[in-house]
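Down below is the structure, laid out as structure tokens.
The values are calculated or read from the model by the stated rules, or taken from the named source; none is laboratory data. What you see is a predicted model, and the numbers here were worked out from it, not measured in a lab. Every residue, glycine among them, receives a Cβ derived from its backbone with ideal geometry; neighbour counts consider all protein chains shown.
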Amino acid sequence: QGESTRPLSQSEYQKYGRQMIMPEIGLDGQLKLKKAKVLIVGLGGLGCPAAAYLAGAGVGALGLVDDDTVSHSNLHRQILYVEGGVGLSKVGRAIHMLRHMNSSVRYVGYDYRLTPEKAVDLFRDYDLILDCTDHPTSRYFISDAAVLTGKPLIHASALRTEGLLMVLNNPPSRHGNNDEGHCYRCVYPKPSPPASVVTCGEGGVLGPVVGVMGTLMAMEAIKILVPTTQQADAQVTSPDDHQPWLITYSAYSIPSFRAHRLKGKRKDCVACSGAATITRESLEFGSLDYVAFCGGRVTYDVL
Amino acid sequence: QGESTRPLSQSEYQKYGRQMIMPEIGLDGQLKLKKAKVLIVGLGGLGCPAAAYLAGAGVGALGLVDDDTVSHSNLHRQILYVEGGVGLSKVGRAIHMLRHMNSSVRYVGYDYRLTPEKAVDLFRDYDLILDCTDHPTSRYFISDAAVLTGKPLIHASALRTEGLLMVLNNPPSRHGNNDEGHCYRCVYPKPSPPASVVTCGEGGVLGPVVGVMGTLMAMEAIKILVPTTQQADAQVTSPDDHQPWLITYSAYSIPSFRAHRLKGKRKDCVACSGAATITRESLEFGSLDYVAFCGGRVTYDVL
Amino acid sequence: MSTEPSKADVPIVVEFTGGLELLFSNQRKHRLSLPSIGEKGQPANTAFLVRYLCENVMEDKRKEMFVIDGTVRPGILVLINDADWELEGGDQYELKKNDNIIFVSTLHGG
Amino acid sequence: MSTEPSKADVPIVVEFTGGLELLFSNQRKHRLSLPSIGEKGQPANTAFLVRYLCENVMEDKRKEMFVIDGTVRPGILVLINDADWELEGGDQYELKKNDNIIFVSTLHGG
Ligand SMILES: [Zn+2]
Ligand SMILES: [Zn+2]
């Protein structure tokens with residue numbers, strides 16, 4: 001009974017008070033956050049602020065996937081790392097910092113490169129996936145694994161002065177109805193030609209640009225983990241508002257942010273429609289060759 | 001001569017490489033950043049990410065003003081602080097963290113509450129001011145002091161699920177011409193009635209909401225410190241684009257970000273027009289009573 | 001309130017942000033059909049809209065949180081189709097079909 | 001290129017983001033007067049616009065960075081007045097005066 005009357009510790013009440021007094025969160029929402037398990041794939045310029053704000057918000061568990069080590073050129077935008085961490089594992093350094101920021105969260109590190117073979121089993125343990133990676137190959141198989149495991153996916157990317165953000169597979173489903181979330185393949189059925197793919201390492205990126213996108217990912221995560229139907233109903237007054245959106249940011253343009261209406265689910269999507277052909281087996285046993293699909297660039301780097 | 005051929009150290013080239021390869025920055029822009037002195041007033045939910053990304057970008061000097069200490073209820077959104085810092089000075093803890101993130105920046109702490117008397121002398125030492133405070137009183141005198149010292153001012157605020165951002169006094173001037181930057185008083189000639197003023201402590205705020213606004217402040221700062229005329233010219237193709245803007249963010253609305261055109265400079269502005277009556281003396285010798293002007297709420301807190 | 005459009009009504013969208021929505025049934029976006037002629041026979045301008053909102057839409061009793069001295073209180077920006085209303089004629093701007101009017105209360109948090 | 005409007009031209013705004021601007025003189029926003037009749041006498045639709053951009057506006061030689069198999073390459077979203085062109089009829093959408101067409105190349109950085 002002590003448990004049910006004091007669902008949060010006194011220190012949690014102190015830590016989360018400023019968000020719990022909001023009608024959008026409240027005690028009920030805070031308990032939803034505490035129960036939630038969020039997986040962040042990629043601990044670069046997107047993953048660092050996303051992890052910092054989700055840890056601050058008090059999610060129950062934060063999974064962190066990356067096989068990279070911290071380098072000097074990361075520091076201008078990857079705000080969980082310090083100069084003393086250069087050369088060390090990003091997962092290790094991120095958890096070290098996050099634990100100091102909020103010790104109430106359970107952090108689980110995966111110090112390896114995520115592959116299609118590993119993705120399905122890993123995603124099963126989480127409620128929500130954040131794709132903070134840096135290459136078309138990972139973008140596709142993360143989306144496919146999120147669809148196969150029925151997990152909403154927050155997708156963002158950034159390069160130079162620009163960023164993109166989409167919420168995918170929300171609500172998750174593969175029946176092909178119109179009110180179901182679409183997937184990454186619904187937006188991009190075919191990958192970009194390899195010659196057009198530029199990474200942050202090649203093209204550069206401004207720290208606040210990728211920082212804004214990563215921080216917005218944390219906000220979208222909170223919105224998914226704590227649905228505010230009342231709030232949402234009050235604001236959604238036109239059918240357009242149910243349409244899926246793509247948010248773009250362009251730091252040197254006016255207006256800098258734009259919301260674009262997307263088509264949503266494709267009836268013939270190979271991943272998320274009623275006619276889907278992608279299966280767990282095709283991911284795990286390599287019959288889907290993502291590298292070849294994306295044009296044969298073997299390496300990918302997490303920014 | 002060694003100096004002129006190697007204007008940056010090897011470690012600086014490593015740290016800033018990902019932004020220096022961008023045409024918007026380049027070596028020339030990086031040197032402008034290195035020469036720049038930026039003052040952040042308020043080390044709360046806005047000031048923390050703004051400071052992190054400006055330190056990462058390699059500004060020469062970062063001044064940090066706050067008289068507060070870290071509390072548990074700050075941690076969910078004030079990402080420079082860790083649990084071990086609770087009870088200690090925000091300025092001290094912020095500099096501790098920032099120095100680990102980028103030791104090449106010179107950090108100057110001002111562990112006091114900024115007052116109208118102190119603002120003019122302090123602002124003189126800096127090139128750009130970020131208003132990250134939390135009360136109408138400070139909003140007004142920071143704007144007045146920025147006008148009096150001729151410094152551009154980046155103004156942002158956040159509460160609950162929403163945020164605002166404006167660039168003020170850019171370019172700085174008091175002649176009342178239309179191409180000069182307007183000030184906070186041009187937007188809000190009269191303060192809000194005290195009963196309508198809600199602080200984050202009272203109304204709450206979501207971490208990513210204030211985080212997004214603080215990160216955008218860093219982006220606007222970089223744009224001011226490294227003007228990219230070529231880039232800007234290519235993008236600005238209508239007279240509307242020269243109009244001053246207010247950016248609003250509303251986390252639960254669609255579209256979440258909006259840009260609104262503002263009127264700009266008021267011909268009769270008491271602070272920044274040709275008819276201005278506010279002087280350095282009126283700030284420093286108390287003939288302008290900001291507390292009374294804003295309705296007599298004496299305290300202000302920095303979020 | 002009744003929002004049934006009559007032939008002479010002007011359909012507009014009114015939005016409240018920055019906490020002002022709390023005064024209007026905690027609803028941000030309102031689709032209204034504003035009478036095209038004000039109380040005194042004048043065309044439906046923004047001054048009339050502000051009075052109309054106070055009398056017909058606002059449920060909160062604290063009118064002074066929205067209107068002081070007959071116009072929107074200090075600290076509220078009025079945006080007509082994303083432009084400061086002072087660029088558009090202020091409270092004399094005559095509302096047109098499908099206009100979007102946003103009332104933004106400034107925020108002080110940080 | 002000449003952008004002098006003739007009586008029959010359709011004035012539109014075309015924007016390029018996500019790096020596509022590098023193919024178009026590093027200029028994001030282009031105000032164009034599109035001939036209202038295409039090469040084959042068809043109305044000026046988005047398919048014609050894409051060809052027109054390739055032939056008259058694009059300076060970069062690498063056409064395949066923008067067009068493959070006669071339409072915009074994979075990885076580029078086309079937005080007509082902020083909506084996915086597939087909601088508006090795809091490349092058969094007939095352009096109207098003051099339409100805003102954005103070509104967004106996806107980004108992969110993170
Ligand atoms: Zn799909
Ligand atoms: Zn002024």
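Could you say which residue among A:His72, A:His76, A:His100 is within 8 Å of chain B (Cβ to nearest Cβ) and either modelled with pLDDT under 95 or closer than 18 Å to B:His76 by Cβ (or both)?
A:His100
Can you pull out the residues in segment D:60-110 that are without any contact (Cβ under 8 Å) to a residue 40 or more places away in the chain and aliphatic (A, V, I, L, M)?
Answer for segment D:60-110, where residues must be without any contact (Cβ under 8 Å) to a residue 40 or more places away in the chain and aliphatic (A, V, I, L, M): D:Val67, D:Ile68, D:Val72, D:Leu77, D:Val78, D:Leu79, D:Ile80, D:Ala83, D:Leu87.
Step by step: first the residues of segment A:146-172, then only those that are among the small types (Gly, Ala, Ser) and closer than 19 Å to A:Val38 by Cα, then the one that is farthest from the other protein chains (Cβ to nearest Cβ). Which residue is that?
It comes out as A:Gly150.
Look through segment C:27-62, keep the residues that are surrounded by fewer than 15 Cβ atoms within 10 Å (Cβ to Cβ) and within 24 Å of B:Ala158 (Cα to Cα), and return whichever of them is nearest to the other protein chains (Cβ to nearest Cβ).
Among residues in segment C:27-62 that are surrounded by fewer than 15 Cβ atoms within 10 Å (Cβ to Cβ) and within 24 Å of B:Ala158 (Cα to Cα), the one nearest to the other protein chains (Cβ to nearest Cβ) is C:Arg62.
Among the helices (runs of 4 or more DSSP H) confined wholly to segment B:177-227, which include 1 or more residues that are under 30 Å from C:Lys63 (Cβ atoms), away from ligand 1 (no atom under 16 Å from the Cβ) and within 8 Å of chain C (Cβ to nearest Cβ)?
Working: elements: B:184-187, B:200-203, B:207-225.
Ranges flagged: B:184-187, B:200-203.
Look at B:Ser143 and say whether it is in contact with a strand residue (DSSP E or B) (Cβ under 9 Å, 6 or more places away or on another chain), within 16 Å of ligand 2 (Cβ to nearest atom) and within 14 Å of another protein chain (Cβ to nearest Cβ). First the steps, then the outcome.
Values: in contact with a strand residue (DSSP E or B) (Cβ under 9 Å, 6 or more places away or on another chain): yes; within 16 Å of ligand 2 (Cβ to nearest atom): yes; within 14 Å of another protein chain (Cβ to nearest Cβ): yes.
Answer is yes for this residue.
Mind listing whichever residues of segment B:167-183 are out of contact with any Asp or Glu (no Cβ under 8 Å at 6 or more places or on another chain) and surrounded by 23 or more Cβ atoms within 10 Å (Cβ to Cβ)?
Scanning segment B:167-183 gives B:Leu168, B:Asn169, B:His182.
If we keep just the residues of segment A:124-140 that are away from every other protein chain (no Cβ under 13 Å) and either within 16 Å of ligand 1 (Cβ to nearest atom) or of a type in the set (Ser, Thr, Tyr) (or both), which is nearest to A:Leu75 (Cα to Cα)? Show your work before the answer.
The first filter runs over segment A:124-140 and keeps only residues away from every other protein chain (no Cβ under 13 Å), leaving A:124-129.
Subsequent filtering for residues that are either within 16 Å of ligand 1 (Cβ to nearest atom) or of a type in the set (Ser, Thr, Tyr) (or both) retains A:126, A:129.
Working: A:Tyr126: 29, A:Ile129: 24 Å.
Filtering segment A:124-140 for residues that are away from every other protein chain (no Cβ under 13 Å) and either within 16 Å of ligand 1 (Cβ to nearest atom) or of a type in the set (Ser, Thr, Tyr) (or both), the one nearest to A:Leu75 (Cα to Cα) comes out as A:Ile129.
Tell me which residues, restricted to segment B:265-280, are in contact with a Ser or Thr (Cβ under 8 Å, 6 or more places away or on another chain) and exposed (fewer than 12 other Cβ atoms within 10 Å of the Cβ).
B:Lys267
Which one is nearest to ligand 2 (Cβ to nearest atom) among residues in segment A:281-290 that are out of contact with any Ser or Thr (no Cβ under 7 Å at 6 or more places or on another chain), of a type outside the set (Phe, Trp, Tyr) and assigned to a loop (DSSP other than H, G, I, E, B)?
A:Asp289
Considering only residues of segment B:14-50 that are part of a loop (DSSP other than H, G, I, E, B), farther than 21 Å from C:Gly110 by Cβ and in contact (Cβ under 8 Å) with a residue 40 or more places away in the chain, which is farthest from the chain's Cα centre (by Cα)? Let's see the steps before the verdict.
Looking only at segment B:14-50, we keep the residues that are part of a loop (DSSP other than H, G, I, E, B), and these are B:21-25, B:36, B:42-46.
Okay, now just the ones that are also farther than 21 Å from C:Gly110 by Cβ, so B:21-25, B:36.
Right, trim to in contact (Cβ under 8 Å) with a residue 40 or more places away in the chain and you get B:23-25, B:36.
Details: B:Pro23: 25, B:Glu24: 21, B:Ile25: 20, B:Ala36: 14 Å.
Within segment B:14-50, the match that is farthest from the chain's Cα centre (by Cα) is B:Pro23.
Against the definition (under 16 Å from the mean Cα position of the chain (by Cα) and in a loop (DSSP other than H, G, I, E, B)), how does B:Val59 come out, yes or no?
Values: under 16 Å from the mean Cα position of the chain (by Cα): yes; in a loop (DSSP other than H, G, I, E, B): yes.
Against the criterion (under 16 Å from the mean Cα position of the chain (by Cα) and in a loop (DSSP other than H, G, I, E, B)), B:Val59 qualifies.
Anything in segment A:265-282 that is more than 9 Å from ligand 1 (Cβ to nearest atom) and under 15 Å from A:Ser143 (Cβ atoms)? List them, or say none.
Matches in segment A:265-282: A:Thr277, A:Ile278, A:Thr279, A:Arg280, A:Ser282.
So which of B:Asp233, B:Asp241 is away from ligand 2 (no atom under 16 Å from the Cβ), outside any loop (DSSP other than H, G, I, E, B), at pLDDT below 90 and within 24 Å of the chain's Cα centre (by Cα)? Steps first, please.
Working: B:Asp233 fails: within 24 Å of the chain's Cα centre (by Cα).
So the residue among B:Asp233, B:Asp241 that is away from ligand 2 (no atom under 16 Å from the Cβ), outside any loop (DSSP other than H, G, I, E, B), at pLDDT below 90 and within 24 Å of the chain's Cα centre (by Cα) is B:Asp241.
Filter segment A:184-194 down to the residues that are at pLDDT 95 or above and either within 16 Å of ligand 2 (Cβ to nearest atom) or surrounded by 15 or more Cβ atoms within 10 Å (Cβ to Cβ) (or both) and list them by number.
Within segment A:184-194, A:Tyr184, A:Arg185, A:Cys186, A:Val187, A:Tyr188 meet the criteria.
Looking at A:Tyr53, A:Tyr107, which one is touching a Pro at 6+ places or on another chain (Cβ under 7 Å), surrounded by 17 or more Cβ atoms within 10 Å (Cβ to Cβ) and touching a residue at least 40 places away in the same chain (Cβ under 8 Å)? Can you show your working first?
Values: A:Tyr107 fails: touching a Pro at 6+ places or on another chain (Cβ under 7 Å).
It is A:Tyr53.
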